[in-house]
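Q: There's a structure below that I have some questions on.
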Amino acid sequence: MDRELSEKSPEYENDFDARKYLDTFYALDPEAPEIDKESQFLLKFIEHLVASGYLQGESLIEIGSGPSIHHILPASNSFKKIYLTDYNQGNLNEIEKWLQGKEDAFDWSPYMKYVCDLEGNSTTPEEKAEKIKKCVSVLKSDVTKANPLEPNSLPPADCVIIAGCLICACKTVEDFKSGLKNTVSLMRSGGYLTLIDYMGASYYVVGKEKFPLLSINEDLVKQAIIEAGCVIEEFTMFKDFDFTEEVFDCKKIFCILARKL
């Protein structure tokens, strides 16, 4: 692991193994399929935002979703259209596999069940999966561009999620602030941003590749949100990780709800 790749490096498209990433961070023991504490924390936070009426409307965009769908699970009943986007085509291909019901798609059913339990089992995991497959589209995105969806464009979204993306894509503090502004530009005035990211992290490992991360702190994040034209409504943190430092050296994860002015 002597070679470090950032999300913006040309090699990232070829050297990032999306399926190995899923198997490393999201695969569960079939004998005891309990999702990790971090995912429980994130899904509870997002479900709380949905239940409180913050996350709802015509459209939701997730910027930098990676190869995963789990962040949108609690919001799947609250939007007519959901866009999952990422810089890496391999990540989008993994999502497409699941949307198309292919046999080799990653199994998200334990996450579906967990969210359905949080929601009081008003729908079954199977019903939730079918709903998501009908309302989700995938697009390429790049937070370093003024329009992260270039060359595509969408009407201003009611809500945007950006989770674990900025510290991967950004090399400097200014890059982080710029990337956040670019993301917020996709939202309507009064819309809600859900920002989830990691503090104090410098790398994560997928297979034999070590990917560098931008180390950030609470003050930087709060200032970046203000500069992006938003006001923070909720801020919470979590640090009880199941992952070893050999795989991921994160210290804390934070979840923020912010409203665009």
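The values are calculated or read from the model by the stated rules, or taken from the named source; none is laboratory data. Just so we're clear, the structure is a prediction, and the values are computed from it rather than from any experiment. Note: ideal-geometry Cβ built from the backbone for every residue, glycine included; neighbour counts use all protein chains shown. Heavy atoms of the whole protein, side chains included, go into the accessibility calculation; ligands, DNA and RNA do not. Shrake-Rupley method; radii C 1.70, N 1.55, O 1.52, S 1.80 Å.
Q: Residue 128 versus (1) assigned to a helix (DSSP H, G or I); (2) open to solvent by 10 Å² or more (accessible area, probe 1.4 Å); (3) under 30 Å from residue 110 (Cα atoms): which is the lone unmet condition?
A: Single failed check for residue 128: (2).
Q: Could you tell me whether residue 134 is among the basic types (Lys, Arg) and either touching a Cys at 6+ places or on another chain (Cβ under 6 Å) or assigned to a loop (DSSP other than H, G, I, E, B) (or both)?
A: no
Q: Only residues in the stretch 224-244 that are touching a residue at least 12 places away in the same chain (Cβ under 8 Å) count as the first member; pair them with residues that are open to solvent by less than 60 Å² (accessible area, probe 1.4 Å) and part of a loop (DSSP other than H, G, I, E, B), Cβ under 8 angstrom, at least 6 apart or cross-chain, and list the lot.
A: That search, which allows pairs on different chains as well, returns 241/250; 242/36; 243/36; 243/250.
Q: Sticking with this one: Under the condition of being on the phi < 0 side of the Ramachandran plot and assigned to a loop (DSSP other than H, G, I, E, B), which residue from the stretch 116-125 is most open to solvent (accessible area, probe 1.4 Å)?
A: First, the residues of the stretch 116-125 that are on the phi < 0 side of the Ramachandran plot: 116-119, 122-125.
When the remaining residues are screened for being assigned to a loop (DSSP other than H, G, I, E, B), the result is 119, 122-124.
Details: 119: 43, 122: 87, 123: 33, 124: 56 Å².
Ranking the qualifying residues of the stretch 116-125, first place goes to 122.
Q: Within the stretch 65-85, which residues are buried (at least 21 other Cβ atoms within 10 Å of the Cβ) and more than 17 Å from residue 110 (Cβ to Cβ)?
A: Hits for the stretch 65-85 are 65, 66, 75, 79, 82, 83, 84, 85.
Q: Tell me yes or no: at least one residue of the stretch 189-203 is assigned to a strand (DSSP E or B), within 18 Å of residue 231 (Cα to Cα) and out of contact with any Leu (no Cβ under 9 Å at 6 or more places or on another chain).
A: Taking every residue of the stretch 189-203 in turn, at least one turns out to be assigned to a strand (DSSP E or B), within 18 Å of residue 231 (Cα to Cα) and out of contact with any Leu (no Cβ under 9 Å at 6 or more places or on another chain).
Q: Then there's this: Filter the stretch 165-190 for residues that are crowded, with 22+ Cβ neighbours inside 10 Å and either small (Gly, Ala, Ser) or at positive phi (or both) and give the result.
A: Hits for the stretch 165-190 are 169, 179.
Q: Return yes or no: is residue 101 at pLDDT 95 or above, of a type in the set (Gly, Ala, Ser) and open to solvent by 20 Å² or more (accessible area, probe 1.4 Å)? If you could, list the steps in order and put the result at the bottom.
A: Working: at pLDDT 95 or above: yes; of a type in the set (Gly, Ala, Ser): yes; open to solvent by 20 Å² or more (accessible area, probe 1.4 Å): yes.
Criteria met by residue 101.
Q: Separate question: For the list (1) in contact (Cβ under 8 Å) with a residue 24 or more places away in the chain; (2) open to solvent by 30 Å² or more (accessible area, probe 1.4 Å), I need the number of the one condition that residue 88 fails.
A: (2)
Q: Quickly run through the stretch 150-175 and pick out the residues that are assigned to a helix (DSSP H, G or I) and out of contact with any Asp or Glu (no Cβ under 9 Å at 6 or more places or on another chain).
A: Within the stretch 150-175, 173, 174, 175 meet the criteria.
Q: Please tell me if residue 38 is closer than 30 Å to residue 151 by Cα, of a type in the set (Asp, Glu) and not in a loop (DSSP other than H, G, I, E, B).
A: Values: closer than 30 Å to residue 151 by Cα: no; of a type in the set (Asp, Glu): yes; not in a loop (DSSP other than H, G, I, E, B): yes.
Here the answer is no, as residue 38 does not meet what is asked.
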